[in-house]
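As structure tokens, the structure follows; a few thoughts come after it.
The values are calculated or read from the model by the stated rules, or taken from the named source; none is laboratory data. Keep in mind that what you see is a predicted model, and the values were worked out from it rather than measured. Methodologically, a virtual Cβ is constructed for each residue, glycine included, from the backbone with ideal geometry; neighbour enumeration extends over all protein chains shown.
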Amino acid sequence: MNQFKIDNNAFEIRVKPANLVVRFFFLFLSIIMVLLPLSGLVYNISEGSEFHIGYIIGLGMFSLFGFYFLRLYLWNTGGKEVITISQNLIEYYADYIYFKGNQQKINFERIVFDFESIGFEDEEKGVLCLIVSENRFIKCAAILPISELNKLIETLNKKYNSIEIKVKD
């Protein structure tokens, strides 16, 4: 199964879904982080305690943690990275099924497609890097086998033949 898909001037890199136990754990933590402070608030108010700003601060902090775990759950369930390359502009964002991450836009004159190895050498996995200059680049988060990364880079080479492409063995 290919983890990437190329359409016109855009391509997607899909995240391989994590183990069901891991995804359930992230979803469970997300729900608990919201329900615990809410149930504590309801319990304290029903016991006659006065409402104060600490309840709002606690609920806000726990909700932020809950949102973070929800994001991890969605990313590990069906997340993908979407990259669009037009004449001289690269647009990148992470898609978390129900919402999108921060969008990056980089103007370029020359682009190099490369990959960076991740993990142990014997795993042979890596991430795609789109390098525009020494300090301006986009490093994808989706981990792919190096064989698939080479296929993706070769496909991008055929598609964007006027742009310099770099392939590693």
TODO: Being free of Cβ contacts under 8 Å to residues at least 12 places away in the same chain and within 30 Å of Val34 (Cα to Cα) narrows it down to one of Gly78, Gly58, Gly54, so name that one.
DONE: Gly54
TODO: Kindly check whether there is at least one residue in the range 133-146 that is within 27 Å of Leu74 (Cβ to Cβ), out of contact with any Lys or Arg (no Cβ under 9 Å at 6 or more places or on another chain) and surrounded by fewer than 15 Cβ atoms within 10 Å (Cβ to Cβ).
DONE: yes
- [ ] Examine the range 84-100 for a residue that is within 24 Å of Leu29 (Cα to Cα), free of Cβ contacts under 8 Å to residues at least 60 places away in the same chain, crowded, with 17+ Cβ neighbours inside 10 Å and of a type in the set (A, V, I, L, M, F, W, C), and state whether such a residue exists.
- [x] yes
Open item on the list: Here's a check for you: in the range 108-132, which residue that is touching a helix residue (DSSP H, G or I) at 6+ places or on another chain (Cβ under 8 Å) and closer than 17 Å to Ala10 by Cβ is surrounded by the most Cβ atoms within 10 Å (Cβ to Cβ)?
Closed with: Leu128
Open item on the list: Being surrounded by 15 or more Cβ atoms within 10 Å (Cβ to Cβ), modelled with pLDDT of 90 or more, in contact with a Gly (Cβ under 9 Å, 6 or more places away or on another chain) and under 21 Å from Asn150 (Cβ atoms): is that true of Val15 here?
Closed with: yes
- [ ] Restrict the check to the range 25-46 and report whether at least one residue is polar (S, T, N, Q) and loosely packed, with under 14 Cβ neighbours inside 10 Å.
- [x] yes
Open item on the list: Taking the conditions exactly as written (more than 19 Å from Leu144 (Cβ to Cβ) and touching a helix residue (DSSP H, G or I) at 6+ places or on another chain (Cβ under 6 Å)), does Leu72 satisfy them or not?
Closed with: yes
TODO: Tell me which residues, restricted to the range 138-149, are without any contact (Cβ under 8 Å) to a residue 24 or more places away in the chain and farther than 18 Å from Pro17 by Cα.
DONE: Lys139, Ser147
- [ ] Test Glu50 against the criterion of being in contact with a Lys or Arg (Cβ under 7 Å, 6 or more places away or on another chain), at pLDDT below 95 and either on the phi < 0 side of the Ramachandran plot or not in a helix (DSSP H, G or I) (or both), and give yes or no.
- [x] no
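Taking the residues in the range 122-158 that are in a helix (DSSP H, G or I) and closer than 15 Å to Arg110 by Cα as candidates, determine which candidate is modelled with the lowest pLDDT.
Step one: filter the range 122-158 for residues in a helix (DSSP H, G or I), giving 122-123, 146-158.
Next, only the ones that are closer than 15 Å to Arg110 by Cα stay: 156-157.
Working: Leu156: 84, Asn157: 76.
Once the filter is applied, the top-ranked residue is Asn157.
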